[in-house]
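To keep things clear, I will list the structure first and then write my remarks on it.
The values are calculated or read from the model by the stated rules, or taken from the named source; none is laboratory data. These figures come from a predicted structure and were not determined experimentally. Please note: Cβ atoms are built from the backbone with ideal geometry, for glycine as well, and neighbour counts cover all protein chains shown.
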Amino acid sequence: MSGLAALACAVHGCRRCPRLTAWREEVARVKRAAYRDEIYWGRPVAGFGDPQARVLLVGLAPAAHGGNRTGRVFTGDRSGDFLFAALHRAGFATQARSERRGDGLALRGAYLTAIVRCAPPGNKPTAAERAACQPWLDAELDLLPRLRVLVALGGEAWRQLLRLLRDRGQSVPRPAPPFRHGAEAAIGARTLLGAYHPSQQNTFTGRLTPPMLDAVLARARELAE
């Protein structure tokens, strides 16, 4: 079993956070009416993508009826639809839609993960829950040796990545570079890019448009190559 596969197995069995464990399992039992005939994943969601990735995209957490249902990060909800369409346009994804685990989708040159691996109530993990999940992301950075670009999908991912890189001994600027869409910070041999999270709140209001996300992904590819 590869390092990433072993890590995924460990993530799937995690029960470190009682609040998150109870919530994700309750959602999987009760379900949403539209998915009442489906079997929910109801477990922590591991990262997904190319083991040789040069680009890592990091979101906040699985959605209750998205990743918590399908078992794949950013899959089964509107945010994922928006993101995977952009990844496909940029040449990072083999399909424009991510439906579920085992649907044939593959990522090329990219890896997708999250700060927190369980769906949190109200989509708001606590600081303690973020800290409990940090070792998973730390391990992914070790197991993806070709990474050159980190794309933070949202301000929380940006701040958490800066904390993690500082904890790993990287020379993070002080004061820390602020988050904005299109922000760029060179940290060691890697570059951190910022992008608004593809949440419905951002995409429905036009705060994040397809060309805006395309521009960040194009910059990520340029830096990676």
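So is Ala128 within 13 Å of the chain's Cα centre (by Cα) and hydrophobic (A, V, I, L, M, F, W, C) or not? When the stated conditions are applied, Ala128 does not pass them. Has the stretch 159-166 got any residue that is over 19 Å from the mean Cα position of the chain (by Cα) and either surrounded by fewer than 21 Cβ atoms within 10 Å (Cβ to Cβ) or charged (D, E, K, R) (or both)? The answer is yes, given that some residue of the stretch 159-166 is over 19 Å from the mean Cα position of the chain (by Cα) and either surrounded by fewer than 21 Cβ atoms within 10 Å (Cβ to Cβ) or charged (D, E, K, R) (or both).
Residue-wise test of (1) under 29 Å from Leu217 (Cα atoms); (2) in contact (Cβ under 8 Å) with a residue 24 or more places away in the chain; (3) of a type in the set (A, V, I, L, M).
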{"site": "Leu7", "(1), (2), (3)": "yes, yes, yes"}
{"site": "Pro18", "(1), (2), (3)": "no, no, no"}
{"site": "Arg32", "(1), (2), (3)": "no, yes, no"}
{"site": "Arg69", "(1), (2), (3)": "yes, yes, no"}
{"site": "Arg72", "(1), (2), (3)": "yes, yes, no"}
{"site": "Ala85", "(1), (2), (3)": "yes, yes, yes"}
{"site": "Thr94", "(1), (2), (3)": "yes, no, no"}
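To keep it simple, each residue is scored yes or no on (1) small (Gly, Ala, Ser); (2) within 26 Å of Pro145 (Cβ to Cβ); (3) in a helix (DSSP H, G or I).
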{"residue": "Leu7", "(1), (2), (3)": "no, yes, yes"}
{"residue": "Arg19", "(1), (2), (3)": "no, no, yes"}
{"residue": "Tyr40", "(1), (2), (3)": "no, no, no"}
{"residue": "Leu57", "(1), (2), (3)": "no, yes, no"}
{"residue": "Phe74", "(1), (2), (3)": "no, yes, no"}
{"residue": "Ala96", "(1), (2), (3)": "yes, no, no"}
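Just one of the listed residues (Val73, Val45, Val55) is aliphatic (A, V, I, L, M) and in contact with a Lys or Arg (Cβ under 6 Å, 6 or more places away or on another chain), namely Val45. Scanning the stretch 211-225 for residues that are at pLDDT 95 or above, loosely packed, with under 14 Cβ neighbours inside 10 Å and either of a type in the set (Asp, Glu) or closer than 20 Å to Val73 by Cβ (or both) gives a single hit, Glu222.
Quick grid of which residues meet (1) in contact with an Asp or Glu (Cβ under 8 Å, 6 or more places away or on another chain); (2) farther than 26 Å from Glu184 by Cβ; (3) crowded, with 18+ Cβ neighbours inside 10 Å; (4) at pLDDT below 95:
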position: His65; (1), (2), (3), (4): yes, yes, yes, no
position: Thr70; (1), (2), (3), (4): yes, yes, yes, no
position: His88; (1), (2), (3), (4): no, no, no, no
position: Ala106; (1), (2), (3), (4): yes, yes, no, no
position: Gly122; (1), (2), (3), (4): no, yes, no, yes
position: Pro135; (1), (2), (3), (4): no, yes, no, no
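From the list Ala152, Ala176, the one residue that fits, being of a type in the set (A, V, I, L, M, F, W, C) and in contact (Cβ under 8 Å) with a residue 60 or more places away in the chain, is Ala152. Restricting Val45, Val58, Val11 to residues that are touching a Ser or Thr at 6+ places or on another chain (Cβ under 7 Å) and buried (at least 19 other Cβ atoms within 10 Å of the Cβ) narrows the list to Val58.
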